[in-house]
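Report on one structure; see the data block that follows.
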Amino acid sequence: MYAVINLALPVFAIIAAGVLAGRFQLMTGAEAQALNKFVFRFAMPAALFGLTAGTAPPGPEDFSLALSYGIAAFTAIFGAYLLSQLLFPLTKEEAGAHALSSTLGNAVFLGLPIALTIEGWGRPFVVLMLVEGIFIIAIGAALMTPRDSAMALSNRAVKFVTDPFRNPLVAAAAAGFAYSASGFSLAGPFELFFNILGRAAGPTALFSLGLFLATHQFPAIGAVAGRVASIAAIKMLALPMIALGIAHFLGLGDPAYRGALALFVFVPSGVASFIIASQYGVYQTETAAAVSVTTLLSILTISGVLIAFT
């Protein structure tokens with residue numbers, strides 16, 4: 001209970017402040033987008049680079065962590081892709097959006113701000129973000145791409161490999177690990193620059209999430225209840241069970257790594273799944289509803305993680 005009061009309550013209070021700002025029209029949806037751009041392009045990359053540049057390069061424990069999540073995420077995304085087509089009358093592109101929202105978590109705007117407040121959780125959480133950013137987003141985008149695309153197979157393969165590194169978060173974390181591996185260290189004004197800018201990421205991200213929820217027009221849940229329930233079951237139940245089971249099997253021993261993994265898999269469906277679905281023009285109603293429902297469920301799941309692992 002101490003962990004919930006001291007960690008979870010302030011986190012959700014900041015989200016609630018964003019919701020109130022939107023409900024009382026103190027800020028608009030356009031301003032939420034501006035805050036998101038600041039976090040996504042500047043503050044969060046600074047936090048990730050500063051965190052990874054000052055730590056040791058990935059080791060065996062990081063590999064076990066990445067493998068635990070990677071196997072679970074691959075199982076979840078392809079399982080959801082196939083299952084959704086059996087349960088619902090979906091096109092392959094719609095099934096791809098369903099699968100991505102069943103797997104992709106709100107790591108940036110909800111999970112990482114929490115992980116950065118708990119000693120030892122930040123680094124493993126970033127490792128998991130790299131796995132998700134490099135592989136899961138790329139797979140989801142590939143599943144949503146129309147099959148009659150004129151793009152050559154070789155060009156698709158190159159795009160699959162390079163596109164994740166156009167994401168500022170993936171690029172910043174990868175650059176930080178590369179900098180750390182080079183043997184250099186951040187010091188003086190450089191370290192202070194990344195620390196000051198990076199500290200703005202967490203509270204701004206949480207506030208902007210609340211503002212987004214307050215200003216975005218979500219659909220009536222009843223119209224898409226079955227599909228949303230399927231997404232929530234895989235994202236909030238099946239994926240965590242598989243990931244934590246594999247971690248136990250692999251002997252992931254570091255408590256901070258286990259806690260970071262639990263937090264990572266129990267965050268709700270990411271806003272990014274709705275954004276990506278919108279870019280492809282498919283399944284927008286369902287992904288928006290899934291973000292809303294799983295965010296509410298995450299009040300319980302994240303609080304449970306903090307009670308169990310801190």
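The values are calculated or read from the model by the stated rules, or taken from the named source; none is laboratory data. Computed from a predicted structure; not experimentally measured. In this analysis, Cβ positions are derived from the backbone assuming ideal geometry, glycine residues included, and neighbour counts consider all displayed protein chains.
Restricting the stretch 64-105 to residues that are in contact with a Ser or Thr (Cβ under 7 Å, 6 or more places away or on another chain) and among the polar types (S, T, N, Q), the residue that is farthest from THR285 (Cα to Cα) is SER84. Looking only at the stretch 192-212, decide whether some residue is in a helix (DSSP H, G or I), of a type in the set (D, E, K, R), more than 20 Å from the chain's Cα centre (by Cα) and at pLDDT 80 or above. No.
Condition check ((1) in a helix (DSSP H, G or I); (2) under 17 Å from the mean Cα position of the chain (by Cα); (3) under 25 Å from ILE307 (Cα atoms); (4) at pLDDT 90 or above) across all residues:
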{"residue": "GLU61", "(1), (2), (3), (4)": "yes, no, yes, no"}
{"residue": "TYR69", "(1), (2), (3), (4)": "yes, yes, yes, yes"}
{"residue": "PRO89", "(1), (2), (3), (4)": "no, no, no, yes"}
{"residue": "ALA95", "(1), (2), (3), (4)": "yes, no, no, yes"}
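I'm trying to understand the selection: among the residues of the stretch 268-292, which are modelled with pLDDT of 85 or more and more than 15 Å from LEU110 (Cα to Cα)? The answer is VAL282, TYR283, GLU286, THR287, ALA290.
Being surrounded by fewer than 24 Cβ atoms within 10 Å (Cβ to Cβ), in contact with a helix residue (DSSP H, G or I) (Cβ under 8 Å, 6 or more places away or on another chain) and part of a helix (DSSP H, G or I) is the filter here; which residues of the stretch 254-275 pass it? Scanning the stretch 254-275 gives PRO255, ALA256, TYR257, ARG258, GLY259, ALA262, VAL271.
Answer with yes or no whether ALA138 is at pLDDT 85 or above and within 14 Å of the chain's Cα centre (by Cα).
The answer is no for ALA138.
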